[in-house]
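The values are calculated or read from the model by the stated rules, or taken from the named source; none is laboratory data. Nothing here was measured: the structure is a model prediction, and the numbers come from that model. When we count neighbours, we look across all protein chains shown, and the Cβ atoms used for this are built from the backbone with ideal geometry, even at glycine. These accessible areas exclude ligands, DNA and RNA; they are computed on the full protein's heavy atoms, side chains included. Shrake-Rupley method; radii C 1.70, N 1.55, O 1.52, S 1.80 Å.
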Amino acid sequence: QVQLVESGGGLVQPGGSLRLSCAASTSIFSFNTMGWYRQAPGKERELVARVTSGGSTNYADSVKGRFTTSRDSAQNTMYLQMNSLKPEDTAVYYCHGVRFLVNYWGQGTQVSVSS
(Lines give C-alpha, C1' and ligand atoms only; values in the text may rest on other atoms or scores of the structure.)
Protein backbone atom coordinates (compact mmCIF):
# COMPACT_ATOMS: atom_id res chain seq x y z
CA GLN A 1 0.00 0.00 0.00
CA VAL A 2 1.51 3.30 -1.12
CA GLN A 3 1.35 6.02 1.50
CA LEU A 4 2.20 9.71 1.52
CA VAL A 5 2.73 11.36 4.90
CA GLU A 6 3.04 15.12 5.27
CA SER A 7 4.69 16.97 8.12
CA GLY A 8 6.00 20.43 8.91
CA GLY A 9 2.87 22.53 9.14
CA GLY A 10 2.24 25.01 11.91
CA LEU A 11 1.57 28.60 12.85
CA VAL A 12 3.86 31.28 11.46
CA GLN A 13 3.79 35.07 11.31
CA PRO A 14 3.39 36.90 8.00
CA GLY A 15 6.72 37.06 6.21
CA GLY A 16 7.92 33.89 7.85
CA SER A 17 8.94 30.55 6.39
CA LEU A 18 7.96 26.91 6.73
CA ARG A 19 9.13 23.73 5.06
CA LEU A 20 6.67 20.94 4.45
CA SER A 21 7.77 17.36 3.92
CA CYS A 22 6.01 14.52 2.13
CA ALA A 23 7.47 11.10 2.87
CA ALA A 24 6.54 8.36 0.42
CA SER A 25 6.46 4.66 1.26
CA THR A 26 8.01 3.88 -2.10
CA SER A 27 10.47 5.48 -4.49
CA ILE A 28 9.38 9.01 -5.33
CA PHE A 29 10.69 8.51 -8.84
CA SER A 30 8.09 5.79 -9.40
CA PHE A 31 5.49 8.57 -9.43
CA ASN A 32 4.70 10.16 -12.78
CA THR A 33 4.01 13.42 -11.01
CA MET A 34 4.03 14.63 -7.44
CA GLY A 35 2.74 17.85 -6.10
CA TRP A 36 1.27 19.99 -3.38
CA TYR A 37 -2.32 21.15 -3.16
CA ARG A 38 -4.02 23.30 -0.56
CA GLN A 39 -7.54 23.91 0.59
CA ALA A 40 -8.61 26.94 2.56
CA PRO A 41 -11.89 27.02 4.52
CA GLY A 42 -14.83 27.45 2.17
CA LYS A 43 -12.67 27.15 -0.93
CA GLU A 44 -11.89 24.43 -3.41
CA ARG A 45 -8.65 22.50 -3.31
CA GLU A 46 -6.07 24.13 -5.58
CA LEU A 47 -2.74 23.17 -7.05
CA VAL A 48 0.24 24.87 -5.43
CA ALA A 49 3.21 23.18 -7.08
CA ARG A 50 3.87 20.12 -9.17
CA VAL A 51 6.97 18.24 -10.27
CA THR A 52 7.22 15.53 -12.91
CA SER A 53 9.43 12.46 -12.71
CA GLY A 54 11.74 14.25 -15.13
CA GLY A 55 12.09 17.19 -12.78
CA SER A 56 9.93 19.78 -14.54
CA THR A 57 8.08 22.03 -12.13
CA ASN A 58 5.18 24.41 -12.27
CA TYR A 59 3.70 26.66 -9.65
CA ALA A 60 0.48 28.52 -9.03
CA ASP A 61 0.85 32.20 -9.90
CA SER A 62 0.04 33.12 -6.32
CA VAL A 63 3.15 31.34 -4.98
CA LYS A 64 5.70 31.87 -7.77
CA GLY A 65 8.93 33.28 -6.43
CA ARG A 66 7.99 32.40 -2.85
CA PHE A 67 7.53 28.61 -2.82
CA THR A 68 9.93 25.96 -4.09
CA THR A 69 9.39 22.23 -4.33
CA SER A 70 12.26 19.74 -4.30
CA ARG A 71 12.87 16.03 -3.92
CA ASP A 72 15.34 13.85 -2.05
CA SER A 73 15.54 10.41 -3.62
CA ALA A 74 17.60 8.98 -0.77
CA GLN A 75 14.85 9.89 1.70
CA ASN A 76 11.95 9.27 -0.70
CA THR A 77 10.72 12.67 0.35
CA MET A 78 9.37 15.72 -1.43
CA TYR A 79 9.60 19.16 0.15
CA LEU A 80 7.80 22.45 -0.17
CA GLN A 81 9.84 25.41 1.01
CA MET A 82 7.51 28.31 1.66
CA ASN A 83 8.97 31.79 2.15
CA SER A 84 7.41 35.22 2.59
CA LEU A 85 4.23 33.63 3.82
CA LYS A 86 1.02 35.63 3.69
CA PRO A 87 -2.24 35.23 5.61
CA GLU A 88 -3.89 34.07 2.38
CA ASP A 89 -1.54 31.08 2.34
CA THR A 90 -3.44 29.71 5.33
CA ALA A 91 -4.85 26.31 4.37
CA VAL A 92 -4.53 22.59 4.77
CA TYR A 93 -1.71 21.46 2.48
CA TYR A 94 -1.88 18.05 0.85
CA CYS A 95 0.78 15.98 -0.82
CA HIS A 96 -0.34 14.27 -4.02
CA GLY A 97 1.18 11.72 -6.35
CA VAL A 98 0.17 9.84 -9.48
CA ARG A 99 1.70 6.39 -9.86
CA PHE A 100 0.64 3.97 -12.57
CA LEU A 101 -2.53 6.03 -13.15
CA VAL A 102 -3.53 5.85 -9.48
CA ASN A 103 -3.91 9.02 -7.40
CA TYR A 104 -2.49 9.09 -3.89
CA TRP A 105 -3.10 11.75 -1.24
CA GLY A 106 -1.57 12.47 2.09
CA GLN A 107 -3.65 13.25 5.14
CA GLY A 108 -2.90 16.97 5.02
CA THR A 109 -1.04 19.36 7.28
CA GLN A 110 -2.37 22.70 8.54
CA VAL A 111 -0.48 25.88 7.73
CA SER A 112 -1.68 29.02 9.47
CA VAL A 113 -0.20 32.45 8.78
CA SER A 114 -1.23 35.03 11.34
CA SER A 115 0.20 37.71 13.56
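Table for the structure above
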read-out: Label-to-label distance, nm, for residues given as Leu11 and Gln107 (7 Å Cα→Cβ offset); value: 2.1 nm
read-out: Rounded to the nearest 20 debye, dipole of region 1-102 from Cβ charges on Lys, Arg, Asp, Glu; value: 80 debye
read-out: 16 Å reach of a label modelled at Asp72, 7 Å along Cα-to-Cβ, counting backbone N of region 1-45; value: 5-9, 18-29
read-out: Computed over the chain: relative contact order in percent, which uses C-alpha pairs under 8 Å that are six or more apart; value: 37 percent
read-out: 1.4 Å probe accessible area per residue over the chain, in Å²; value: 52 Å²
read-out: Label-point separation in nm, Val98 to Ala60, each point 7 Å along Cα→Cβ; value: 1.9 nm
read-out: Mean Cα-pair separation over length for region 56-115, i.e. relative contact order, pairs under 8 Å, 6 or more apart, %; value: 25 percent
read-out: Karplus (6.51, -1.76, 1.60) ³J(HN,Hα), θ = phi - 60°, over region 89-106, in Hz, Gly and Pro reported as x; value: 7, 4, 4, 8, 9, 10, 8, 9, x, 10, 9, 6, 6, 10, 8, 10, 10, x
read-out: The chain - percent of accessible surface contributed by carbon and sulfur, probe 1.4 Å; value: 46 percent
read-out: Per-residue HN-Hα couplings for region 17-33 [Karplus 6.51, -1.76, 1.60; θ = phi - 60°; Hz; x = Gly/Pro]; value: 10, 9, 10, 8, 10, 10, 8, 9, 7, 9, 4, 5, 7, 7, 8, 5, 9
